[in-house]
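Please read the structure below before turning to the comments.
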Amino acid sequence: MPTVSPKRWWALAVLATAQFMVIMDTSIIGVALPEMQKDLGFSQGELQWVFNAYVIAFGGLLLLGGRLSDLLGARRVFTAGWTVLIGGSVVAAAAQTASVEVVGRAVQGVGGALIAPAAMTLLMTLFAHDPKELGRAMALYGAAAPAGGTAGVFLGGVFTEWLSWPWVFIIYVPIGTATLAATKLLPSVAPRRGAIDVLGAAAVTAGLALTVFAVVRAPEIGWGATRTVFALVGAAALLVLFLILQKTSRQPLMPLGIWRVPRLGSANLAMALLGAAWIPMWYFLNLYLQQVLGYGAFASGAALLPMTGLLMVFMTAVTARLLARLGAKPLIGGGLLVLAAGLLWLSAVEPSGSFVVDVLPASLVAALGMALAYIPAMMAAMSGAPAEQAGLASGIVNTTYQIGSALGLAALTALATSQGAGELGDLPALTDGFSAAFTAAAVIAAVGGLITLLTMRTEKAAATADAEQSSRPDALGEKTGV
């Protein structure tokens, strides 16, 4: 029987703080972007790298972080992740140039990729003795994510308005230091023997980064330019190399047999398209509030609180009940379609618009769609995986969401820039560019919703397919990677 830690709820507080901070790192910089752009000399198109550098490193290295957690011990990797995150935060706060800022953000992403899977392993270890306690712990841990997103939007505005934008990174130093001091509350998880697929991790991360880089630069140098073509071909070659390595390696980061799990593929596609629609909306909405409506950093952060507040409340209080009653498929498909409706509403923004008319109602509709779809998509991706592959399935779906976010933001930034979003000070041109991005994001979300409703299996159908697969003579080998 698993050992029960008397300090497990205090340990959960440490892990929830980690989840809170990792998610806050993707939202706290939003309202600070215009000030960073002025001080560091980012162009309108390059500004997205403040976000994408973090997301690419975080998403591209999540699978490696999970593998390191297994092989080196979860508490050790959790501690290393916080050390790296603090270091990246110091670099990002002290940056005097755009390139150094991007490096700092990438280092923060590496830290997050070590923290997130180690935290999940530690949580499962702490509460493995009691399924009911595990359910409560998972709910509290899960609630830390939307709470972090909400706090990031507000604190980003507070720090940028009344202190300065480097404080959105400085805040990680004292909190990270306190978390490191509290790691003594965490259980010691024994490491396991095995190899680390460093080459596979390098190939997938470099391939994804090169893809985003090519999409970002293409509007400036041309889609048919030699540099664009070479970058895209190089990215494709790296991703193919990753798949070959996963097929041939004895201990791959991502055993390809995992994709036989029912609904894993459709849920990951939904998550990729959800990220590709949601993150660009959040990014361009921040820019519209500040660069068109003239909001300051604090006012912009406060303007987004209703949206993030609804998201947090709905995710924690309503979605789980709807999921138990309706199942994942209608919530994912319906949520994506609701998100599309909110985005289409936002596409009607005007240069002389107002928060109450142009932003508030549409953003609430979009947040409702996100709240409906996100948790069901996560659960659908993980529900069919056997116990020994649940962590892998979780890592894959988190990676898919992050990479979908990065690629969606890169593509829609290119579109917005081509439609006028690069013309700072020209309010009609800026609004046209932002409107084009909102419209394209609406199309992405709508396509995701329709594909989900047409192709995803219901829970009953997925269970039947899983039972049929399990009855095959070679099923054990497929599921365990043997």
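Points worth noting:
- Any hit, region 334-346, residues being under 21 Å from Ala416 (Cα atoms) and in contact with an Asp or Glu (Cβ under 6 Å, 6 or more places away or on another chain): no
- Test: Leu155 is in contact with a Gly (Cβ under 8 Å, 6 or more places away or on another chain), part of a helix (DSSP H, G or I) and either farther than 28 Å from Trp49 by Cβ or of a type in the set (A, V, I, L, M) (or both): yes
- In region 360-371, of all residues being surrounded by fewer than 23 Cβ atoms within 10 Å (Cβ to Cβ) and in contact (Cβ under 8 Å) with a residue 40 or more places away in the chain, the one that is nearest to the chain's Cα centre (by Cα) corresponds to Leu368.
- Complete set of residues in region 244-285 that are surrounded by fewer than 21 Cβ atoms within 10 Å (Cβ to Cβ) and of a type in the set (Lys, Arg): Lys247, Arg250, Arg260
- For region 4-20, the count of residues that are of a type outside the set (D, E, K, R), in contact with a His (Cβ under 8 Å, 6 or more places away or on another chain) and on the phi < 0 side of the Ramachandran plot is at least one.
- Val173 being hydrophobic (A, V, I, L, M, F, W, C), farther than 17 Å from Leu62 by Cβ, in contact with a Phe, Trp or Tyr (Cβ under 9 Å, 6 or more places away or on another chain) and in a helix (DSSP H, G or I): no
- Unique residue being touching a helix residue (DSSP H, G or I) at 6+ places or on another chain (Cβ under 9 Å), over 30 Å from Thr431 (Cα atoms) and among the β-branched types (Val, Ile, Thr) when the list is Val229, Val233: Val229
- Exclusive hit being part of a helix (DSSP H, G or I), at pLDDT 90 or above and crowded, with 19+ Cβ neighbours inside 10 Å, set Val107, Val103, Val50: Val107
- Test: residue in region 272-283 that is of a type in the set (A, V, I, L, M), touching a Ser or Thr at 6+ places or on another chain (Cβ under 7 Å), outside the structural domain of Thr160 (by TED's automatic domain parsing) and farther than 21 Å from Ser405 by Cα: no
- Being touching a helix residue (DSSP H, G or I) at 6+ places or on another chain (Cβ under 9 Å), surrounded by fewer than 20 Cβ atoms within 10 Å (Cβ to Cβ) and among the polar types (S, T, N, Q) holds for only one residue in Thr205, Thr177, and it is Thr177.
- At least 1 residues being at pLDDT 80 or above and closer than 30 Å to Thr431 by Cα is the threshold, and among the helices (runs of 4 or more DSSP H) wholly inside region 299-387 those reaching it are 305-314, 328-346, 360-383.
- Cβ pairs under 7 Å, 6+ apart, first in region 208-228 and assigned by TED's automatic domain parsing to the domain that holds Ala414 and of a type in the set (Lys, Arg), second assigned to a helix (DSSP H, G or I) and modelled with pLDDT of 75 or more: none
- Hey, Ala32 surrounded by fewer than 24 Cβ atoms within 10 Å (Cβ to Cβ) and assigned by TED's automatic domain parsing to the domain that holds Ser188 or not: no
- Selected residue (only one of Ala53, Ala98, Ala74 is in contact (Cβ under 8 Å) with a residue 60 or more places away in the chain and touching a helix residue (DSSP H, G or I) at 6+ places or on another chain (Cβ under 6 Å)): Ala74
- The number of residues in region 288-319 being of a type in the set (A, V, I, L, M, F, W, C) and in contact with a Pro (Cβ under 7 Å, 6 or more places away or on another chain) comes to 4.
- Val90 fulfils the conditions (1) surrounded by 23 or more Cβ atoms within 10 Å (Cβ to Cβ); (2) over 20 Å from the mean Cα position of the chain (by Cα); (3) among the β-branched types (Val, Ile, Thr) except for a single criterion, (1).
- Flag for Gly41 being surrounded by fewer than 19 Cβ atoms within 10 Å (Cβ to Cβ) and out of contact with any strand residue (DSSP E or B) (no Cβ under 7 Å at 6 or more places or on another chain): yes
The values are calculated or read from the model by the stated rules, or taken from the named source; none is laboratory data. Small disclaimer: the values here were computed from a predicted structure and weren't measured. Cβ sites come from the backbone with ideal geometry, for glycine too, and all protein chains shown count toward neighbours.
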